[in-house]
Amino acid sequence: MRKDVIEKTGSLPYLDIKNVLASEPEKLDFVLPGLLAGTVGAIVSPGGVGKSAYVLAKMKEISQQGRAVYLSLEDNLEMLKHRMHALHYSSTDEEKALIEDPSRFFIAPLEDRAVKIENDDWFSMIKEIATNSRAIFIDTLRKFHNSNENDSSEMTLITDRLSQIAVASNCCPIYIHHTSKSGQGGSQQASRGSSVLVDNIKWQQYLEAMTEAEAKVFGIKNMKHYFKVGTSKINAGIQPDPTWYKRVSDPRPNFDGYYAQEVSFNKEVEANNNKDGEYRI
């Protein structure tokens, strides 16, 4: 029985408001700012901006709370290994210990598997790993189903399955999705396909490459290293300001990965910007 909800056979359940107001509410459990535990989210981006590196950075953050899971459905395994080396190299000793612990940082390389959420076996397997996890990142949505992304009925079935996983496990499935050709990242409807991919979820972030106008304002010359992350949909809380990230190459010879580093544009960053090398992936 749900707390503070009165349920009687043959009647609609109703909230016991008097009882609710008699005590303070429980603190909301956020996995990421604005993303409540047990809800579905999305990260949308054009290709090549840095979404995979950003996801790994968020996994490192979430691993301090509990297990973060990454279903890598697109990336070549060798590329993924280079990215993990770069992430590990850039981390503190405490963070490195979490990254090395599969009970906190779990990566499933699935490029060679036909993972489809419509399949009951895959659904059960993902539902099981969601148990005792804080978040599952699905990279990318297109590789995660066999349905028509422009069909609202078919996409409702996909989002419903993700919602079932979220509610059953109190975990957050977060799918990575591409923007449409005409989509603007800051718009809720920037993602490719049916509008239910936004309407049926509770939280959506977007990634955008730095523009020439923004680079001019910040005094940045190597603008292709930078991308902006904003929140275009948030159902719990106030919409946060966008943040900036920089793609930083692993400086070691024979290591070709890069990691995403959050940055703020102050005089020191601007002064050091021109010293940075090119990213390689």
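The values are calculated or read from the model by the stated rules, or taken from the named source; none is laboratory data. Bear in mind that the values here come from a model prediction, so they are computed numbers and not experimental data. Neighbour counts run over all protein chains shown; Cβ positions are idealised from the backbone, glycine included.
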Kindly evaluate residue 42 against the criterion of being touching a helix residue (DSSP H, G or I) at 6+ places or on another chain (Cβ under 8 Å), outside any strand (DSSP E or B) and within 21 Å of residue 241 (Cα to Cα). no
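Looking at 153, 195, can you tell me which residue is more than 22 Å from residue 74 (Cα to Cα), at pLDDT below 95 and either out of contact with any Gly (no Cβ under 8 Å at 6 or more places or on another chain) or β-branched (Val, Ile, Thr) (or both)?
Working: 153 fails: at pLDDT below 95.
Matching residue, one of 153, 195: 195.
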Only one of these is closer than 15 Å to residue 175 by Cα and among the acidic types (Asp, Glu): 74, 78, 95, 26. Name it. 74
Filtering the range 141-183 down to residues that are assigned to a helix (DSSP H, G or I), among the β-branched types (Val, Ile, Thr) and either without any contact (Cβ under 8 Å) to a residue 40 or more places away in the chain or touching a strand residue (DSSP E or B) at 6+ places or on another chain (Cβ under 7 Å) (or both) yields 165
Where residue 83 falls short, out of the listed (1) closer than 25 Å to residue 35 by Cα; (2) under 17 Å from the mean Cα position of the chain (by Cα); (3) buried (at least 20 other Cβ atoms within 10 Å of the Cβ): (1)
Taking the condition of being assigned to a loop (DSSP other than H, G, I, E, B), touching a residue at least 40 places away in the same chain (Cβ under 8 Å) and not hydroxyl-bearing (Ser, Thr, Tyr), how many residues in the range 90-112 meet it? 1
Out of all the residues in the range 40-51, is one or more on the phi < 0 side of the Ramachandran plot, in contact with a strand residue (DSSP E or B) (Cβ under 6 Å, 6 or more places away or on another chain), surrounded by 15 or more Cβ atoms within 10 Å (Cβ to Cβ) and among the charged types (D, E, K, R)? yes
